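Below is one structure, written out as structure tokens, with a few remarks after it.
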Amino acid sequence: MFSKDRELHEECGVFAVCGYENAAAMCYYGLHSLQHRGQEAAGIVVKNKEALSIQKGEGLVTEVFDQDKISKMKGDHAIGHVRYSTAGGGGIANVQPLLFRTLNGSLGIAHNGNIVNANVLKADLEKKGSIFSSSSDTEILGHLIMREEGHMIDRICNSLNKLDGAFAFLILIENALYVARDKYGLRPVSIGQLPNGAYVFSSETCAFEVVGAKFVRDLEPGEIVRVKDGQIKSKLYTNDVTDKICAME
């Protein structure tokens, strides 16, 4: 987010669920419990088999979604976002998650945090031909990932290492979910597990109580987690880590 009041954009909420039949509904309740983290806008990307679809809008979670909309969002994986209310940088283009569609598949990204070298990265990407459709620094990660080569985990890790700042990212593709935390540990994200074994992720553990999930642990600074075919794996995408949790968090 490139406006002068960038510091106001930092506080948002993210939630994800993997392997639950009514993922959109689960994500809705998770976002509702995180509503205090953002009242400007809300959105959900859901994965149904090999297709990603999105529903988002400005307003509270209950204003953006109703029972009819949620019932039409079929799928067993979902990521969601509630956006912090600010004086600038609004508009539907900046409402998350962002959904990228490419010849090699779709990519949904939700982000809580602030990329401090966003302007430098954006300028470099634009010189290389990237065209941005929003003023959100979240979009930068999508462009970085698509310019990398190799396996998706390597592309994401290489891209994350180019970012400096505080962040928690949810990245949903057709066959996996990736969750990452900044190397300073400034933005929180926790892992929970539902009774059926499905994994959920949230900016705050209060969402786990609402959806009936058991807290497992927090992601470590510089950690990335992948959930694929019901299996969870973890690694550090960087060894340059320190724990500096934000006082407000």
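The values are calculated or read from the model by the stated rules, or taken from the named source; none is laboratory data. This structure is a prediction, so every number in the text was calculated from the model and none was measured. Cβ coordinates were reconstructed from backbone atoms using ideal geometry, including for glycine residues, and neighbour counts include every protein chain displayed. Please note that ligands, DNA and RNA were not included when accessible areas were found on the heavy atoms of the full protein model with its side chains. Shrake-Rupley method; radii C 1.70, N 1.55, O 1.52, S 1.80 Å.
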*Taking all protein chains together and a probe of 1.4 Å, list THR138, THR102 from the most accessible to the least accessible.*
THR102, THR138
*In the full protein assembly as shown, how much of ASP76 is accessible to a 1.4 Å probe, in Å² to the nearest 10?*
60
*asked:* I'd like the accessible area for TYR29: 1.4 Å probe, protein heavy atoms, all chains in place, Å² to the nearest 10.
replied: 130
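Tell me the mean residue ellipticity at 222 nm calculated for the chain from its helices only (DSSP H runs of n ≥ 4, each -39500 (n - 2.57), averaged over every residue, nearest 500). Provide the component values of the computation, followed by the final result.
Values: 7 runs with 56 residues, N = 249.
Using -39500 (n - 2.57) per qualifying helix, the result is -6000 deg cm²/dmol.
Using a 1.4 angstrom probe with every protein chain in place, what is the largest-first accessible-area order of LYS47, LYS122? Show your work: numbers first, answer last.
Numbers: LYS47 20, LYS122 45 Å².
These residues rank, largest area first, as LYS122, LYS47.
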*Under 1.5 on a/c is rounded, so check that first for region 158-207, then, if it is not, pick prolate when a/b is larger than b/c and oblate when it is not; a ≥ b ≥ c are the square roots of the alpha carbon gyration tensor eigenvalues.*
oblate
*asked:* Relative contact order for the chain: what percent, with Cα pairs under 8 Å and sequence separation of 6 or more?
replied: 20
_Loop-only GluC sites (Glu not before Pro) in region 11-73, please: DSSP not H, G, I, E or B, and at most 13 other Cβ atoms within 10 Å._
GLU21, GLU50
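With a 1.4 Å probe and every protein chain kept in, tell me what percent of the accessible surface of region 128-237 is carbon plus sulfur.
For region 128-237, the apolar C and S fraction of the accessible surface comes to 47 percent.
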_Gaussian network model of the chain, Cα within-10 Å springs - most flexible of ILE173, ILE232, ILE109_ = ILE232
*asked:* Just to compare against my own numbers: the Cα pair-distance distribution for region 14-83, 5 Å bins, whole % per bin, please.
replied: 4, 21, 33, 25, 12, 4, 0
*For the chain, built as a Gaussian network whose Cα springs stay under 10 Å, the top-fluctuating residue of GLY57, GLY197, GLY13*: GLY197
*How many times 2.2 N^0.38 Å is the alpha carbon radius of gyration of region 53-151?*
1.18
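In percent, what relative contact order does region 119-235 have, based on Cα pairs under 8 Å that are 6 or more apart in sequence?
Working: 162 pairs, mean separation 22.1, N = 117.
For region 119-235, the relative contact order is 19 percent.
ILE92 to ASN119: extension gain in nm, 0.36 nm per residue of separation minus the Cα-Cα distance? Mind dumping the intermediate values first?
Numbers: separation 27, 0.36 × 27 = 9.72 nm, distance 2.10 nm.
Working it through step by step, the gained length comes to 7.6 nm.
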*Determine, from the Cβ-Cβ distance of ASP66 and GLN231 and an R0 of 35 Å, the FRET efficiency 1/(1 + (r/R0)^6), rounded to the nearest 0.05.*
0.55
*Roll a 1.4 Å probe over the protein heavy atoms and report the accessible area of GLU209 in Å², nearest 10.*
150
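What order do HIS151, HIS143, HIS111 take when sorted by accessible area (1.4 Å probe), most exposed first?
Values: HIS151 135, HIS143 35, HIS111 5 Å².
Greatest to least solvent exposure: HIS151, HIS143, HIS111.
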*Considering the chain, what Rg and Dmax in Å follow from its alpha-carbon atoms?*
16.3, 49
*With a probe of 1.4 Å, find how much accessible area the chain has per residue, and write the answer as a whole number in Å².*
44
